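Just so it is clear, none of the values below were taken in a lab; they were calculated from the coordinates. These numbers come from a predicted model, not from an experiment. All Cβ positions, even for glycine, are placed from backbone atoms using ideal geometry, and neighbour counts span all protein chains on display.
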Amino acid sequence: MAKNERQWGKQMNAIITVVGKDRVGIIAAICVKLAEYQINVLDISQTILQGSFTMVMAVDISGASLPFAQVSEGLQELGKEMELSIHIQREEIFDAMHNI
Amino acid sequence: MINQKDILSTIQMIEQQHLDIRTVTMGISLLSCCDEDINSACSKIYDKICRYAEHLVPVCEEIEIELGIPIVNKRISVTPAALVGAACKSTDYTPIAKALDEAARTCGVNFIGGFSALVQKGMTEADQNLIRSIPEALSSTQLVCSSVNVGSTRSGINMDAVRLMGQVIKETAWKTREQDGIGCAKLVVFCNAVEDNPFMAGAFHGTGEPEKVINVGVSGPGVVHNALKELKGAPLDEVAETIKKTAFRVTRVGQLVAQEASARLNTPFGIVDLSLAPTPAIGDSVARILEEMGLQVCGTHGTTAALALLNDAVKKGGVMASSSVGGLSGAFIPVSEDEGMIAAARSGTLCIDKLEAMTCVCSVGLDMIAVPGDTPAETISAIIADEAAVGMVNNKTTAVRILPTPGTAVGDTIRMGGLLGDAPVMDVHKESSAEFIARGGRIPAPMHSLKN
């Protein structure tokens with residue numbers, strides 16, 4: 001079944017988490033990648049947690065130019081290049097676990 | 001937006017504490033596949049399973065990627081084969097097992113359950129045929145799991161079936177002796193078997209179930225263990241509260257995956273099994289949770305009480321997280337599949353008698369226990385009878401999955417690898433139960449009043 005055919009309403013949100021060593025240009029590199037995929041950033045929060053750069057981004061993937069699996073793969077590859085762990089997951093899993 | 005701390009805690013649970021979906025199991029009714037000719041029954045079975053489950057694995061893989069949570073097993077359960085085979089003229093049901101095996105391979109699942117018979121009150125000819133076919137079926141297939149229900153709270157225990165199952169287990173071990181008797185790891189003897197269990201080896205698709213259904217089993221011993229690490233010395237009611245909260249979260253993920261899978265496969269959602277299922281991986285052990293509560297080694301005095309608390313809290317937390325709960329629901333204690341249980345059994349603290357006591361308060365029973373290869377069939381039957389009695393009287397599901405691998409003795413280890421793990425051979429009582437088992441007949445159903 002094609003990813004775009006599903007019934008999740010207009011907006012399909014995902015959460016991107018980035019953890020690793022801080023350096024110049026992390027947010028820039030990720031945002032360039034997201035722009036390439038036509039993914040809109042809704043919110044960004046970033047801190048240094050136990051010495052690690054930690055960023056959580058909320059994004060809207062409903063207009064993404066590629067299926068979810070390829071977006072996820074692309075971000076993981078970027079993570080490898082930049083020595084960061086980058087994950088993208090649909091927002092629903094966090095909602096389910098932390099909101100009643 | 002969801003709080004950043006919550007998001008990171010979810011990631012940590014998945015990456016470091018082995019949070020996963022243990023199984024998505026599609027139940028498929030095979031009642032429409034009955035045929036006088038076993039070969040045409042087999043081709044109907046193969047076709048129907050492949051038609052219904054062809055997208056199961058790809059859809060689960062899609063969900064894994066999108067939600068970022070591993071779905072460890074994708075499985076199929078089918079109508080007990082004795083019911084399907086009953087129409088066949090043939091008395092050897094091994095071809096049915098082979099058809100199931102082939103269908104499982106085609107669909108890419110890692111197990112298919114339902115080479116089963118329900119004989120709690122008596123055996124039909126088909127039931128007997130099926131039970132006699134089990135050793136050959138399990139030794140000539142790889143993915144087929146078999147189960148036999150020998151008792152229930154309403155009908156008592158069928159001791160003729162119990163006697164027969166002792167022999168069948170020995171024969172299955174012998175026929176698969178080249179592979180460490182692995183056939184027995186795929187054979188469960190139940191009391192009060194449930195119709196919607198998603199877990200192997202005991203899964204089958206009951207006759208009260210719809211045409212096809214999606215059932216999901218969750219896991220998360222590592223997450224519970226980790227949550228308890230922050231509660232050193234706290235009173236047990238606080239421990240129970242923390243387990244409840246954790247189980248709630250774990251189960252919500254199961255519910256989400258179940259809904260997604262059900263919608264994408266156009267298959268009704270059945271149940272989420274509120275289970276705490278361990279794996280042999282470090283940090284994914286139920287025994288270590290009990291030890292975290294303050295027991296030096298799992299199996300020592302206090303283990304049953306700790307397990308009772310754990311089992312109950314898992315259910316209480318999980319039940320609100322899912323719209324429909326079922327299956328076996330509770331903490332599992334399979335010895336070979338739990339790193340902490342293996343260590344406790346090796347140290348000699350955890351013995352079969354203690355495990356039997358533990359099964360009174362948890363799901364499911366004497367699970368994945370290796371016993372010496374020369375254990376007599378009657379002793380195995382007697383172990384089954386004991387366990388079935390626990391289930392019958394306490395109105396709960398119990399089961400025995402026991403491995404009498406030929407040529408092994410106490411102190412040896414049976415290495416099965418993967419999720420099945422390593423089973424240290426445990427001692428059994430040497431004194432005979434043969435005369436008791438030889439009697440056969442039935443143990444009548446118990447009283448439901450005057451409870452003591």
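Check the straight Cα-Cα distances from B:K451 and name the lysines below 29 Å, setting aside those fewer than 8 residues away within the same chain.
List returned: B:K121, B:K244, B:K315, B:K316, B:K354, B:K396.
Which loop-located trypsin sites (Lys or Arg not before Pro) does segment B:147-192 contain, where loop means any DSSP state but H, G, I, E or B and the Cβ has at most 13 other Cβ atoms within 10 Å?
Numbers: sites: B:R154, B:R163, B:K170, B:K175, B:R177, B:K186; in loops: B:R154.
Taking segment B:147-192 and a limit of 13 other Cβ atoms within 10 Å, the loop trypsin sites (Lys or Arg not before Pro) found are B:R154.
Normalized C-alpha radius of gyration of the protein assembly as shown, against 2.2 N^0.38 Å?
Details: Rg = 24.3 Å, N = 552, 2.2 N^0.38 = 24.2 Å.
Its radius of gyration relative to the 2.2 N^0.38 Å reference: 1.00.
Which pairs in the list A:K33/A:K80; A:K33/B:K5; B:K5/B:K245; B:K175/B:K430; B:K74/B:K212 are over 20 Å apart, alpha-carbon to alpha-carbon?
Working: A:K33/A:K80 14 Å; A:K33/B:K5 25 Å; B:K5/B:K245 16 Å; B:K175/B:K430 24 Å; B:K74/B:K212 15 Å.
Too far apart for the 20 Å limit: A:K33/B:K5; B:K175/B:K430.
Can you pull out the GluC sites (Glu not before Pro) in segment B:17-118 whose DSSP state is coil and whose Cβ has at most 13 other Cβ atoms within 10 Å? Show your work: numbers first, answer last.
Numbers: sites: B:E36, B:E54, B:E61, B:E62, B:E64, B:E66, B:E102; in loops: B:E36, B:E54.
Here the sparse-neighbourhood loop sites are B:E36.
Calculate the spin-label point distance for B:K229 paired with A:S65, positioning each point 7 Å from the Cα along the beta-carbon direction, and give it in nanometres.
Calculated label separation equals 4.3 nm.
With only alpha-carbon atoms counted, please give the Rg and Dmax of segment B:91-187, in Å.
Considering segment B:91-187 through its Cα atoms, Rg and Dmax are 13.3, 40 Å.
Please list the three semi-axes, largest first and in whole Å, of the ellipsoid equivalent to segment A:11-98, using sqrt of 5 times the eigenvalues of its alpha carbon gyration tensor.
Details: eigenvalues 78, 51, 25 Å².
Computed over segment A:11-98, the values are 20, 16, 11 Å.
Using only C-alpha atoms and all pairs of different ones, pull out the Kirkwood radius for segment B:217-441 in Å with one decimal. Display every interim value, and only then the final one.
Details: mean 1/r = 0.0549 Å⁻¹.
The Cα-based Kirkwood calculation yields 18.2 Å.
Along the Cα→Cβ direction, 7 angstrom out, place labels at B:L8 and B:A308. What is the inter-label distance in nm?
Distance between label points: 4.1 nm.
Once both labels are modelled 7 Å past Cα along the beta-carbon direction, what's the B:H301-A:S85 spacing in nm?
Placing both labels 7 Å beyond Cα along the Cβ direction yields 4.3 nm.
About the Cα centre of the protein assembly as shown, how large is the charge dipole given +1 on each Lys and Arg Cβ and -1 on each Asp and Glu Cβ? Please answer in debye to the nearest 20. Could you put the intermediate results ahead of the total?
Details: 46 positive and 63 negative charges, 129 e Å.
So the magnitude is around 620 debye.
Can you tell me the FRET efficiency between B:N394 and B:D374 if r is taken as the Cβ-Cβ distance and R0 is 25 Å, rounded to the nearest 0.05? Before the final figure, lay out the partial values.
Details: r = 32 Å, r/R0 = 1.27.
After rounding to 0.05, the efficiency reads 0.20.
Give me the percent relative contact order of chain B, please, defined on Cα pairs under 8 angstrom at least 6 residues apart.
Numbers: 1105 pairs, mean separation 78.5, N = 452.
That works out to 17 percent.
Express in whole angstrom the spacing between the alpha-carbon centres of segment B:398-439 and segment A:28-52.
For segment B:398-439 versus segment A:28-52, the Cα centre distance is 55 Å.
Could you work out the mean count of beta carbons from other protein chains within 10 Å of each residue's beta carbon in B:2-13? Mind dumping the intermediate values first?
Working: counts 11, 5, 9, 3, 6, 14, 6, 3, 8, 9, 1, 1.
Counting Cβ atoms of other protein chains within 10 Å of each residue's Cβ and averaging gives 6.
Going by Cα centres, segment B:255-277 and segment B:355-394 are how many Å apart?
Here the answer is 30 Å between Cα centres.
Rg and Dmax in Å for chain B, alpha carbons only: what are they?
According to the Cα coordinates of chain B, Rg and Dmax are 20.8, 68 Å.
Quickly rank B:289-295, B:236-242 as a protection proxy: mean count of other C-beta atoms within 10 Å, highest first. Mind dumping the intermediate values first?
Working: B:289-295: 21.9, B:236-242: 15.6.
Final packing ranking: B:289-295, B:236-242.
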